[in-house]
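Trainee: Supplied in structure tokens, the structure appears directly below.
The values are calculated or read from the model by the stated rules, or taken from the named source; none is laboratory data. Given the structure is predicted, the values throughout are model-derived calculations rather than measurements. Every residue, glycine as well, gets a Cβ built from its backbone with ideal geometry; the counts of neighbours run over all protein chains shown. We work out accessible area using only protein heavy atoms, side chains counted, and drop any ligands, DNA or RNA first. Shrake-Rupley method; radii C 1.70, N 1.55, O 1.52, S 1.80 Å.
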Amino acid sequence: MSTILVTGATGNVGRHVVSQLAEAGLDVRALVRDPERARLPERVEVVRGDLTAPETLEPALKDVESVFLLWPAFTADHAADVVAAVAGHARRVVYLSADVPDEPETHYHEIERLIRHSGLGWTFLRPGGFAANTLGWAGQIRQGVVHWPYGQASRSLIHEKDIAAVAVHVLTSAGHNGATYVLSGPEQLTQAEQVRVIGEAVGREVRWEDLPADVAREHLLAAWGDAGFVDSALKAWASLVTAPEPVTDTVERLLGRPALTFGEWARDHAADFS
């Protein structure tokens, strides 16, 4: 019973977790909704299943020792059943949570609470901003100007490869039971600076133009549809102007190397902006 199950195995983080475990020669099983479209390394065992349908998980959990859990929704619907199913088979879980305030209560808090009371050994990874979220600017990057609110909002964005590397380290080494790790990139950059760095990576100048918050709200409402989510995002960006996202040294402490910079992330993803 040494198999590691990776959920969210075809996503930005999960795909790297799968690849890094496979490269280390470990027995890795990937939970996916559509195995035919997964395109994962050949030696990886791919199993069909869906976290939103807990009754589909039994085959994936057979003989599993550890689980990397990435929750696929913004609610905790079905989470209690999923955690119970994992606890019925595995010994430990590494949950990709988020570094969010304690109030208001979120699905991240609820799932952490379920895991704490499950009897599983657990480790929580709480990254801040994902560098990959800037892919949402790709269309504007191609046009040479990004119109977005709060250009001076400052974040310590983390490369998804670093989140995956920490997850793999925790899954494959001792001493992490009951630990909560807050993860970040190695530097703070404003949103306007992020756009400049992406421009350098793709080899052309890209400008930032601040979009008034009320105008941005209308655009985001049309795109996202959820007024509460839009208002929460705008409030968060506004707060980062005066209280930048902190930098942690967790990645370097755990991996023995510095966290990857946003510039390195941008060069890795230059094709996505071209």
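Trainee: As an exercise, use a Förster radius of 30 Å and the Cβ-Cβ distance of Glu200 and Asp34 to find the FRET efficiency, rounded to the nearest 0.05.
Mentor: 0.25
Trainee: Taking only protein heavy atoms and a 1.4 Å probe, what accessible area per residue, in Å², does segment 192-274 have with all protein chains in place?
Mentor: Ligands and nucleic acids excluded, the result is 57 Å² per residue.
Trainee: Order the peptides 124-135, 221-232, 199-210 from the highest to the lowest mean number of other Cβ atoms within 10 Å of their residues.
Mentor: 124-135, 199-210, 221-232
Trainee: Which part of segment 104-130 falls in the paramagnetic zone of Ala80, meaning amide N under 12 Å from the point 7 Å along Cα-to-beta-carbon?
Mentor: Residues 114 qualify, since their backbone N sits under 12 Å from the label point.
Trainee: A follow-up question, please. Under 17 Å from the 7 Å Cα→Cβ point of Glu65, by amide nitrogen: which residues of segment 23-39?
Mentor: Hits in segment 23-39 for Glu65 at 17 Å: 23-30.
Trainee: Let me know the charge dipole size of the chain about its Cα centre in debye, to the nearest 20, where only the beta-carbon of Lys, Arg (+1) and Asp, Glu (-1) is charged.
Mentor: 520
Trainee: Tell me the net charge near Gly119. Cut-off is 12 Å between Cβ atoms, Gly119 excluded, with +1 for each Lys or Arg and -1 for each Asp or Glu.
Mentor: +3
Trainee: Here is a follow-up. Could you check the spin-label model distance between Asp249 and Arg113? Points 7 Å from the Cα along Cα→Cβ, value in nm.
Mentor: Result: 3.5 nm between the two label points.
Trainee: Only helical DSSP H runs with n ≥ 4 go in: add -39500 (n - 2.57) per run for the chain, normalise by residue count and round the 222 nm mean residue ellipticity to 500 deg cm²/dmol.
Mentor: -11500 deg cm²/dmol
Trainee: Among the GluC sites (Glu not before Pro) within segment 42-71, which fall in a DSSP loop and have no more than 11 other Cβ atoms within 10 Å of their own Cβ?
Mentor: Loop-located and lightly packed - Glu42.
Trainee: Taking a virtual spin label 7 Å from the Cα of Ser239 along the C-beta vector, which residues in segment 101-143 bring their backbone nitrogen under 13 Å of it?
Mentor: Of the residues in segment 101-143, 101-106, 129 have backbone N under 13 Å from the label point off Ser239.
Trainee: Still on this structure, I have one more. Over the chain, with every protein chain in place, what whole percent of the accessible area is carbon and sulfur at 1.4 Å, could you tell me?
Mentor: Result for the chain: 50 percent of the exposed heavy-atom area is carbon or sulfur.
Trainee: Largest first and to the nearest Å, give the Cα extent of the chain along each principal axis.
Mentor: 54, 37, 36
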